[in-house]
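Reviewing the structure listed below.
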Amino acid sequence: MLREPEPRDRAAFIELLASPEVHTYLGGPRPRDELEREMSGVPERWPGSFVVDLDGSMIGQILLRRATGHRRPAVAGKVDLGYLFLPRAWGFGYAAEACAAALGWFAGALPGEPVALATQTANVGSMRLAAKLGFTEVERFEAWGAEQWLGMWSPVTPAS
């Protein structure tokens with residue numbers, strides 16, 4: 001289930017942001033003590049930010065946000081899909097199901113608008129997920145000392 005963040009999600013957000021496994025391809029985790037000090041009781045809420053809830057507990061986060069200041073011209077001004085899942089939720093198809101639901105919500109909110117997704121090519125799981133969701137490659141580029149993959153997704157609109 002996708003829902004808004006709630007105060008009860010604070011510990012899961014800290015676990016997600018401090019996890020070395022989650023941040024293998026994202027520049028490394030943040031220090032847990034820093035997160036404990038900085039994170040307010042209620043995680044920030046805004047349209048396009050979803051908690052992925054399984055049986056009443058947060059297992060991940062989906063973000064759909066407008067890319068600002070992106071170095072890639074193909075992404076500038078587009079909405080970018082991001083996702084993070086706790087390692088205990090990996091391998092069960094939750095990311096595919098949750099991302100597909102978020103993209104469906106987005107297609108209803110902003111019909112016809114494309115969505116970008118960037119990931120390291122070394123992140124095999126993310127590359128598989130991008131293909132499963134229907135993202136098509138726009139380009140590959142070097143950033144942060146690794147090859148990156150940029151894909152775009154466009155909602156299917158019925159022919160008139």
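Every read-out reported here was derived from the displayed coordinates using simple, explicitly stated rules and does not represent laboratory data. It should be emphasised that the depicted structure is a prediction, and the values quoted were computed from it without experimental measurement. Note that we place each Cβ from the backbone using ideal geometry, even for glycine, and neighbour counts take in every protein chain shown.
Taking a ≥ b ≥ c as the square roots of the Cα gyration tensor eigenvalues, with a/c under 1.5 meaning rounded and otherwise prolate when a/b beats b/c, else oblate, which class fits segment 14-131? Judged from the Cα gyration tensor, segment 14-131 comes out rounded (a/c under 1.5). For the chain, the 222 nm mean residue ellipticity estimated from helices alone, with every DSSP H stretch of n ≥ 4 adding -39500 (n - 2.57) and the total spread over all residues, rounds to -8000 deg cm²/dmol.
The Cα atoms of segment 62-160 cover 44, 34, 21 Å along the three principal axes, with the biggest extent listed first. Note on residue 156 and residue 140: their simple-model spin labels are 2.8 nm apart, each label 7 Å out from Cα toward Cβ.
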